[in-house]
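Everything on this sheet refers to the single structure shown next.
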Amino acid sequence: MSTQTGSEGEPVKLISVEESFLIPEIIDELKRLAGGVPSMKSGPIAGPFMPRLLDIGAGRIAEMDADGVDIQVLAVSAPGVQKFDPETGLSLARRANDRLHQAIAEFPDRFAGLAVAPPQAAAEAAKELERAITVLGLNGLVINSHTNDKYLDDEKFWPLLEAAEALNVPVYLHPREPGAGLEKTLMAMTGFTVGWGYAVETGTHALRMIAAGVFERFPNLQIVLGHLGETLPFLLDRIDNRYPFEVGVTGIKPLPKKPSEYFRSNFTVSTSGMNFPAPLRAAIDILGADRIMFAADYPMEDQRAVVQDYNAIELTPEERRQISELTARRVFSID
């Protein structure tokens, strides 16, 4: 369990917010689509991660105890149910959400969870999200970036965003392999797809949402980005600086606010894959600790090593309590 302390020396819970799981039925369908050949595009259908992805019970809890994690916020691993036909996606989403509800009921002090719902069936997915939140008690929605190479700036997906806003739950926009527009360039650089390509894919997705006026239409919608915001916080000043120039040249009607204003009001970031001192300090300076929360990215990262790295970062007691616990409790409504 966590040994962190806050400003008054009180114990601080460590909540980890980007932690993956899978159910066998999703793995089987992904295997079928991929012809049984593992790749960056297939999602995890084989390999050393599989036992941990499938365990949302005592084995995972034992690792959390050993590594110092108090609560995991669980979500179906990318690509989730977004590669499937609408009917299959809905059926598997319901099964995954029910299975997640059962795990949380068994370990209510240790797990919270994000619903999965197929954007390719947006109207029905919105109903499933409502069921997952109001009946199953889940804490948000995970969307694994593009759906059939389409992004959430496309209005056909907006019923799902409307439901998330109405239910007052966040959408965790999680990476997956780059869509068709970016795939040829980014996936050709072997060794750099995860460290760079995923950030370009998901950061571009977030900017498309801002550019399309998603947050004018849904002003209270909250988005979570991993990896300290997929590089976007570190570019906000430049984006703001160049945005009026570009829209002025093209004659496009500008957004009512600066791009950075939407980011600061509608986005929260997690530290998944980025538990390093310099970028975390920069993110705190740019966004404030109340827009940042800890994540280990289990089991894709070594949870114990990540927790040790995070604990070694120099933070004030107030910053540590905020990032470790309070931001996640607020964003995901964790009691």
Checklist line | Residue check for Ala78: among the aliphatic types (A, V, I, L, M) and either buried (at least 20 other Cβ atoms within 10 Å of the Cβ) or in contact with a Lys or Arg (Cβ under 9 Å, 6 or more places away or on another chain) (or both) | finding: yes
task = Answer yes if at least one residue in region 308-318 is assigned to a helix (DSSP H, G or I) and among the polar types (S, T, N, Q), and no otherwise.
result = yes
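To keep it simple, each residue is scored yes or no on (1) more than 30 Å from Asp65 (Cβ to Cβ); (2) among the aliphatic types (A, V, I, L, M); (3) in a helix (DSSP H, G or I).
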{"residue": "Phe84", "(1), (2), (3)": "yes, no, no"}
{"residue": "Ala103", "(1), (2), (3)": "no, yes, yes"}
{"residue": "Ala121", "(1), (2), (3)": "yes, yes, yes"}
{"residue": "Leu161", "(1), (2), (3)": "yes, yes, yes"}
{"residue": "Thr185", "(1), (2), (3)": "yes, no, yes"}
When every residue in region 83-134 that is without any contact (Cβ under 8 Å) to a residue 12 or more places away in the chain and small (Gly, Ala, Ser) is compared, the one surrounded by the fewest Cβ atoms within 10 Å (Cβ to Cβ) is Ala105
Turns out the helices (runs of 4 or more DSSP H) fully within region 19-74 with at least 1 residues that are within 26 Å of Phe192 (Cβ to Cβ) are 24-34, 50-54
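Looking only at residues in region 135-148 that are without any contact (Cβ under 8 Å) to a residue 60 or more places away in the chain and closer than 21 Å to Ile71 by Cα, which one is surrounded by the most Cβ atoms within 10 Å (Cβ to Cβ)?
So the residue we want is Leu141.
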Restricting region 221-254 to residues that are touching a Gly at 6+ places or on another chain (Cβ under 6 Å) and at positive phi, the one surrounded by the fewest Cβ atoms within 10 Å (Cβ to Cβ) turns out to be Thr231
With respect to Phe276, determine if the residue is surrounded by fewer than 20 Cβ atoms within 10 Å (Cβ to Cβ), touching a residue at least 40 places away in the same chain (Cβ under 8 Å) and under 20 Å from the mean Cα position of the chain (by Cα). no
- Item | Val306 vs. criteria closer than 28 Å to Gly137 by Cβ, at pLDDT 95 or above and touching a Pro at 6+ places or on another chain (Cβ under 7 Å) | no
Considering region 176-194, residues that are among the polar types (S, T, N, Q) and more than 22 Å from the chain's Cα centre (by Cα), and then whichever is surrounded by the fewest Cβ atoms within 10 Å (Cβ to Cβ), we arrive at Thr190
Q.
Looking at region 274-285, can you tell me whether even one residue there is touching a His at 6+ places or on another chain (Cβ under 7 Å) and at pLDDT 95 or above?
A. yes
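Does Leu221 meet the test of being assigned to a loop (DSSP other than H, G, I, E, B), farther than 19 Å from Ser77 by Cα, modelled with pLDDT of 95 or more and of a type in the set (A, V, I, L, M)?
In short, yes.
The values are calculated or read from the model by the stated rules, or taken from the named source; none is laboratory data. Everything numeric here is computed off the predicted structure, so don't read it as measured data. Note: ideal-geometry Cβ built from the backbone for every residue, glycine included; neighbour counts use all protein chains shown.
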